[in-house]
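A short worksheet on the structure shown next.
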Amino acid sequence: MEEYRGIILKKINFKESSEIIYLYTETGLVGVLVHGSKTMKSPHLNLTKVLNHVKVIISGKNLKVLRDGEVINNYSSIHSDLEKYTYLLHLAELIYYFSTHEHDHEKLYNFLIKILEQIKDKEEYIPYINMCELKLLYLLGVNPNLNSCMICQNTQNLVFSVKEGGVFCPDHLPDYYYSNKVLAAVQKLYYFDLNKEQRLEIDNSLLRDIRNVIDEYYDYHLNYHSKTRKMLKGLIGY
Ligand SMILES: [Zn+2]
């Protein structure tokens, strides 16, 4: 028997009444078969929901099977707020996709727990989603250079180029870039330390540009976009 704690990022049907849940844990992704989880009588009916933070006891080596489990935090209950829930599904899909890449899973798992706690009760939760997406770039080894001009190391009045993955001064402007204001918001999110409990304030008028920066960055540097992003577009309009 083994014990894992993790966030359910995804689940798939297995035979008629069972499911396989994919947990993100501090050692990475773990797939667990839950027998009969779709039957009304199952004691695990409420356990196997995407976004739940759970503790599970499993047996089996190649095929891990759930023996017992409990919900630590039911972030799945956020589904009553469709927009927030969709943002979180987008995040879950992103983390699932890159969970098979070699990176610091312990760091991301612990960060994810903190981010979910922040998002759960906040109305202004979108910057926390963005923060997670930006910090993941660092773990994936495609971190942007946000501090000094890529050409002359100037640190004043910088703008940001997604394609170049870095910042430029007024003397070395690239063809296409995001303003200093957008860059300042991206910097704030990228370097934000959740452990220090500062207040996070991001101007709402910048959220659309920040969204575009992140989407374009993942597309250009990692060739990735989530399927949930389309649903999100239907809800938020961009
Ligand atoms: Zn320069």
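The values are calculated or read from the model by the stated rules, or taken from the named source; none is laboratory data. Worth saying up front: this structure is predicted, and the values here are computed from it rather than measured. In this analysis, Cβ positions are derived from the backbone assuming ideal geometry, glycine residues included, and neighbour counts consider all displayed protein chains. Only protein heavy atoms, including side chains, enter the accessible area calculation; ligands, DNA and RNA are left aside. Shrake-Rupley method; radii C 1.70, N 1.55, O 1.52, S 1.80 Å.
General remarks:
- With respect to (1) open to solvent by 50 Å² or more (accessible area, probe 1.4 Å); (2) of a type in the set (S, T, N, Q); (3) within 16 Å of the ligand (Cβ to nearest atom), the lone exception for Thr100 is condition (3).
- Those strands (runs of 3 or more DSSP E) of the range 65-174 in which 2 or more residues are not assigned by TED's automatic domain parsing to the domain that holds Tyr224 occupy 65-74.
- Residue within the range 167-180 that is within 27 Å of Lys114 (Cβ to Cβ) and open to solvent by 80 Å² or more (accessible area, probe 1.4 Å) present: no
- Check on Ile210, more than 16 Å from the ligand (Cβ to nearest atom) and open to solvent by less than 20 Å² (accessible area, probe 1.4 Å): yes
- Among the numbered conditions (1) at pLDDT 95 or above; (2) part of a helix (DSSP H, G or I); (3) under 30 Å from His53 (Cβ atoms), the only one that Asn195 does not meet is (1).
- Meets criteria (at pLDDT 95 or above, over 20 Å from Lys227 (Cα atoms) and open to solvent by less than 50 Å² (accessible area, probe 1.4 Å)) for Asn52: yes
- Single condition Glu124 does not satisfy, out of (1) within 30 Å of Gly28 (Cα to Cα); (2) open to solvent by 60 Å² or more (accessible area, probe 1.4 Å); (3) within 15 Å of the ligand (Cβ to nearest atom): (3)
- Here Glu216 meets the list (1) out of contact with any Gly (no Cβ under 8 Å at 6 or more places or on another chain); (2) open to solvent by less than 30 Å² (accessible area, probe 1.4 Å); (3) not aromatic (Phe, Trp, Tyr) almost entirely, failing just condition (2).
- Scanning the range 1-34 for residues being in contact with a His (Cβ under 7 Å, 6 or more places away or on another chain), over 12 Å from Leu66 (Cα atoms) and not acidic (Asp, Glu) gives a total of 3.
- Selection from the range 181-202 of residues that are surrounded by 12 or more Cβ atoms within 10 Å (Cβ to Cβ) and within 22 Å of Leu116 (Cα to Cα): Ala185, Val186, Gln187, Lys188, Leu189, Tyr190, Tyr191, Phe192, Leu194, Leu200, Ile202
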